[in-house]
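Structure record follows, encoded as structure tokens.
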Amino acid sequence: MSSTHHTLTPQRWLILMCVMVGAAVGDFLLARGMQQVGAVDLHHLGTLFTAIGNPWVICGILVLLGFMACNITALSWADVSFVYPATAFGNVIIALLSKFFLHEDISKSRWLGISLIVVGVGFVAQGPSRTEHAEETP
């Protein structure tokens, strides 16, 4: 096994940034739209169709489609154990968006949990983006 450390190209960093931001922004937009729509339950599925027509929800779905395209792209050249923690960094983004734009109250324990996630992502980011495997001979 090789222990080479991979460097990411600027294009790959951009894809990872889109992975980090895309899920958080998409979820934020969905939440904003659902604040306007209200609760959806199985007994009133018409509300679900109303939600899907909400402009905020539509934008959220489109952003999440872009996120998924970036996520798939990242997984084509990096291990899932490298890419998935990048999505975890979105917890910081979503917390900030929620606090300042949705006016949600975020407890100290939740901020502590988000901080622990950031520290964990920092540890994961130190490793190689791709696991090297020894060449197998038939």
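How many residues are more than 14 Å from G90 (Cβ to Cβ) and in contact (Cβ under 8 Å) with a residue 40 or more places away in the chain if we restrict to the range 12-37?
Of the residues in that region, 4 qualify.
Quickly run through the range 97-106 and pick out the residues that are free of Cβ contacts under 8 Å to residues at least 12 places away in the same chain and touching a helix residue (DSSP H, G or I) at 6+ places or on another chain (Cβ under 9 Å). Don't jump to the end; show me each part of the working.
Step one: of the range 97-106, the residues free of Cβ contacts under 8 Å to residues at least 12 places away in the same chain are 99-100, 103-106.
E104, D105, I106, listed by residue number.
May I ask you to list the residues in the range 72-120 that are over 18 Å from L8 (Cβ atoms) and touching a Ser or Thr at 6+ places or on another chain (Cβ under 8 Å)?
Those that are over 18 Å from L8 (Cβ atoms) and touching a Ser or Thr at 6+ places or on another chain (Cβ under 8 Å): E104, I106.
Each reported figure results from applying straightforward, stated rules to the coordinates on display, with no laboratory input. Bear in mind that the values here come from a model prediction, so they are computed numbers and not experimental data. For neighbour counting, all protein chains shown are included, and Cβ atoms are generated from backbone atoms with ideal geometry for every residue, glycine included.
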